[in-house]
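The values are calculated or read from the model by the stated rules, or taken from the named source; none is laboratory data. Since this is a predicted model, take the numbers as computed values, not measurements. Counting neighbours? That spans all protein chains shown, and the Cβs are built from the backbone with ideal geometry, glycine included.
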Amino acid sequence: MNATPAGSEQEEREELDELRRLLPAGPVERQVLTPGRRSHHKDVLMQLIDRDQERNHADSPVRPRPRLPRLPRLPRPALVAGSVAVAVALAAGLTVGIGAGRGDGGTAARPGASSTAGGGGSRGAVVTLDRIAAVALRTDVEPVGDGQFVYVRSRGAGNEGVFDGPVVLGKMHERQVWFSQRQGPVTDVGLIRESGQDWPIEVGVPDGTDPKDAAVPAGFDRPTYAWLAALPTDPDALLKLLYADARVEEGEDRDQEVFGRIGDLIGEQIMPSATAAAFYKATARIPGVTEVPDAVDAVGRHGIAIAREDTRHGTRTEWIFDPGTLDYLGVRTVFSRDTERAEAGTVYDTSAVLERAVVDKSGQEPGERRRAGRG
């Protein structure tokens, strides 16, 4: 006989169900991952792969440490890739590794519960985010068509050190990404060009599965302009929706998960001005959000940062904005305290957005589109 939830718990579940129904698209399959999820999640995936490999080679006298192929990254690793080997490995590991925190085994955040518990961000952060939201609201944004691609060119570097070892910042390099804007379910999400190589962003299709069944519609894990335009522009409603979608592993910070999700969306997407303003106002309501008066992006540009510390890992993620125009410049993660991996102030990853545009084809650069139009 199943127990009936207490009144408050029942009401909470009903509210959560109602919030999920507000999503402008159907639920996203959890085996796909947002390009650019947070760096420590990659460490979780690598640890689980290590564990699986050790289990599989328990009877072998030599158990070599597995190494993942170098995956596209900046500002955070893109854990979907194009080669068959990588796609198969990730298809097996996404729901077990990073996806595990967002699947049935994760803990659902109470919608809006954390958004008010700590009174929101610091006074300085709230004021700055309000100014950034006002600028975003005044910005004219051309709608992106269903068959087009959002293009973002960035420059940066990430941790190249061994798993769970000392942090070693890699060589600074450029990255280009193209994100498909198709609303219907797709397996071909886009393309990343990095280090002289193209990496198709694809949904892993398990053996024996019809690709149509593995395709993913637009949603939080595959945002499109049209989907973002359908989100509520009331900051409180938007924040509740974000918390309703959030899944965290045991001990993980729910507020940090929501902060990271917003950071992913504003970093490598194009969205309507009202939606962008709502995201910034919603961020101001997240406990622990602070302002950093001076932060430096990957190409040396100084700016004001909106930041939040992940106390469990001893890191602080900073969104950097131009101090004059308040335009988004980039993001970086630094160690906020001394740890076994790095001293306080050590940069874990850093990225600067250099160009953001809309193009008609995957792999097409904005200049090529202009030349084609003139032709």
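The set of residues in the range 345-373 that are free of Cβ contacts under 8 Å to residues at least 12 places away in the same chain and closer than 20 Å to Ala298 by Cβ contains only Gly345.
Could you tell me whether Tyr243 is over 27 Å from Ala357 (Cα atoms) and hydroxyl-bearing (Ser, Thr, Tyr)? Taking the combined requirement at face value, the residue satisfies it. Just one of the listed residues (Asp245, Asp234) is surrounded by fewer than 18 Cβ atoms within 10 Å (Cβ to Cβ), more than 29 Å from Gly170 (Cα to Cα) and of a type in the set (D, E, K, R), and it is Asp234.
For His313, state whether it is at pLDDT below 95, farther than 20 Å from Thr139 by Cα and not charged (D, E, K, R). So His313 fits the description; yes. The number of residues in the range 248-269 being surrounded by fewer than 24 Cβ atoms within 10 Å (Cβ to Cβ) and among the hydrophobic types (A, V, I, L, M, F, W, C) comes to 4.
Residue-level check: of (1) free of Cβ contacts under 8 Å to residues at least 60 places away in the same chain; (2) surrounded by fewer than 23 Cβ atoms within 10 Å (Cβ to Cβ); (3) touching a Lys or Arg at 6+ places or on another chain (Cβ under 7 Å), Glu318 misses just (2).
Scanning the range 175-213 for residues that are more than 22 Å from Trp227 (Cβ to Cβ) and touching a residue at least 24 places away in the same chain (Cβ under 8 Å) yields Arg175, Gln176, Arg193, Glu194, Ser195, Asp198, Trp199, Val205, Pro206. Against the list (1) surrounded by 14 or more Cβ atoms within 10 Å (Cβ to Cβ); (2) within 24 Å of Ile320 (Cβ to Cβ), the condition Gln148 fails is (2). Considering Thr290, Thr283, Thr275, Thr224, the condition of being touching a residue at least 40 places away in the same chain (Cβ under 8 Å), surrounded by fewer than 20 Cβ atoms within 10 Å (Cβ to Cβ) and not hydrophobic (A, V, I, L, M, F, W, C) is satisfied by Thr290 alone. Within the bounds of the range 134-142, is there any residue that is assigned to a loop (DSSP other than H, G, I, E, B), of a type in the set (Ser, Thr, Tyr) and in contact with a helix residue (DSSP H, G or I) (Cβ under 6 Å, 6 or more places away or on another chain)? Yes: one or more hits. Of all the criteria given as (1) under 30 Å from Gly147 (Cα atoms); (2) modelled with pLDDT of 95 or more, the one not satisfied by Arg374 is (2). Of the conditions (1) closer than 18 Å to Val152 by Cα; (2) surrounded by fewer than 20 Cβ atoms within 10 Å (Cβ to Cβ); (3) among the acidic types (Asp, Glu), Glu343 clears all except one; give me its number. Evaluating Glu343 over (1) closer than 18 Å to Val152 by Cα; (2) surrounded by fewer than 20 Cβ atoms within 10 Å (Cβ to Cβ); (3) among the acidic types (Asp, Glu) leaves (1) as the failure.
Residues in the range 152-194 that are closer than 30 Å to Ala344 by Cβ, outside any strand (DSSP E or B) and not basic (Lys, Arg): Glu160, Gly161, Val162, Phe163, Asp164, Gly165, Pro166, Val167, Val168, Gly170, Met172. Of everything in the range 351-371 that's in a helix (DSSP H, G or I) and farther than 25 Å from Val331 by Cα, which residue is modelled with the lowest pLDDT? The selected residue is Arg371.
Has the range 352-375 got at least one residue that is closer than 26 Å to Val127 by Cβ, in contact with an Asp or Glu (Cβ under 9 Å, 6 or more places away or on another chain) and of a type in the set (Ser, Thr, Tyr)? No - not one qualifying residue is present in the range 352-375.
If you check Arg285 against the conditions, is it touching a helix residue (DSSP H, G or I) at 6+ places or on another chain (Cβ under 9 Å) and farther than 26 Å from His173 by Cα?
Yes: the conditions hold for Arg285.
Restrict the check to the range 211-222 and report whether at least one residue is over 19 Å from the mean Cα position of the chain (by Cα), among the acidic types (Asp, Glu), at pLDDT 90 or above and at negative phi.
Looking through the range 211-222, none of the residues is over 19 Å from the mean Cα position of the chain (by Cα), among the acidic types (Asp, Glu), at pLDDT 90 or above and at negative phi.
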